[in-house]
Amino acid sequence: MLGDSVVVVTGGGNGIGAAMARKFGAQGARVVVADLDADAARRVADEAGGLAVGGDAASEEGVRRLVDAALDRYGRIDVFCANAGVAHTGGAEAPEESWAQAWEVNVMAHVRAARAVLPHWLERSGGHFLATVSAAGLLTMLGSAPYAVSKHGALAFAEWLAVTYGDRGITVQALCPQGVRTDMLGSSGETGQRLLADGALEPEQVAEVVLESFADKRFLILPHPEVAEYYALRAADPDRWQGGMRKLQRHVQQP
C-alpha cells in the first residue's frame, strides 16, 4: 500500500509511533524514526529498515533538522506523522510548565512540521500529514485539562490544514484513539486508568487501523468506532453531553 513511500514518524521510539514505523516499514516504506530518545529511535529504525533521527521534533530547530535529514537521505517526504505527544494531569491549577509543554508538543510541533514540509509538498502538488490527536480532541479528558485543551488545538489545526490545502493535493488525517496501552496511558493517573484501561487497544491495533485509513483518506481515524457516536451526541446536544460527562466525573471521583 505504501510502496517505497518516505514516511517520517515523530515520537517513533515507543508506543503508537513505534508500531506505525514498524508497520510502514513492513509495507515497504522508507521510514524516518524521530524521538527525543535517540537510542529508542535507533532500535525502531533498525527494525523498520529506516533512518533514526534523535532530537526534539517539537522545536523549530529540531523539526528542521529532521526534515533536512529525511530529504538528504531520501530526496523527498511523502507522509509526515506528527505523532509525538505529552499528557499532563490536573486542571487550571496545573503548573505553567505543564501547560506550556502541552501546547509546544501537542500543538506547535504540528504547526512547525507543517511549516517545514508544506513548501516541499506544494512544489510537488502532493503530500500526506497525519496528526496523532486523541479522542480527547473531539470530546474531552476528565482530570487532564492541559491534554484536553491542547488536543482540541491539534484537531483544529489539522482541520484547518485539510480545508486550506485539500484542493492542492495534500491529504490531512487526524488519528483520534481513546485508550492505547502505552507509557502515556500508564502515566495518565487514576482517572485516566479508570476511564480508559478496560477498552484500551494495543499500539499495533492502532497502527493497523491507520494503515487501512490511508486507502480512503478519511479525515477522522477512529480506532474506537464508538467515538463517532459520542462526537455526534456532543455536537447535537451539548447540554445533554456535558450532563453525562459530569455524571462520569462524579463516578470517577468516588473512592
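The values are calculated or read from the model by the stated rules, or taken from the named source; none is laboratory data. Predicted, not measured: the structure shown is a model, and the values here were computed from it. When we count neighbours, we look across all protein chains shown, and the Cβ atoms used for this are built from the backbone with ideal geometry, even at glycine. Surface areas here come from the heavy atoms of the whole protein model, side chains and all, with no ligands, DNA or RNA. Shrake-Rupley method; radii C 1.70, N 1.55, O 1.52, S 1.80 Å.
Suppose we filter segment 218-239 for residues that are outside any loop (DSSP other than H, G, I, E, B) and touching a helix residue (DSSP H, G or I) at 6+ places or on another chain (Cβ under 7 Å); how many remain?
Of segment 218-239, the ones outside any loop (DSSP other than H, G, I, E, B) are 220-221, 226-236, 238-239.
With touching a helix residue (DSSP H, G or I) at 6+ places or on another chain (Cβ under 7 Å) added as a condition, the list becomes 221, 227, 233-234.
The total comes to 4.
Residue check: Ala215 meets all listed conditions (1) part of a helix (DSSP H, G or I); (2) modelled with pLDDT of 95 or more; (3) surrounded by fewer than 16 Cβ atoms within 10 Å (Cβ to Cβ) but one, namely (2). Of the residues making up segment 90-102, not a single one is more than 13 Å from the chain's Cα centre (by Cα) and under 14 Å from Val8 (Cβ atoms).
Note on segment 149-159: residues that are surrounded by fewer than 21 Cβ atoms within 10 Å (Cβ to Cβ) and closer than 14 Å to Val86 by Cα total 3. Per the listing Val53, Val79, the residue uniquely surrounded by 19 or more Cβ atoms within 10 Å (Cβ to Cβ) and farther than 15 Å from Ala38 by Cβ is Val79.
Looking at the structure I just gave you, is Gly126 over 24 Å from Ala69 (Cβ atoms), open to solvent by less than 40 Å² (accessible area, probe 1.4 Å), modelled with pLDDT of 95 or more and not aliphatic (A, V, I, L, M)? Even if it seems obvious, please write down each step before you answer.
On the way: over 24 Å from Ala69 (Cβ atoms): no; open to solvent by less than 40 Å² (accessible area, probe 1.4 Å): yes; modelled with pLDDT of 95 or more: yes; not aliphatic (A, V, I, L, M): yes.
The answer is no for Gly126.
Answer with yes or no whether Ala100 is closer than 23 Å to Gly143 by Cβ and surrounded by fewer than 18 Cβ atoms within 10 Å (Cβ to Cβ). Yes, satisfied. Of the strands (runs of 3 or more DSSP E) entirely within segment 1-91, those holding at least 1 residues that are closer than 30 Å to Ala145 by Cβ occupy 6-10, 30-35, 79-82.
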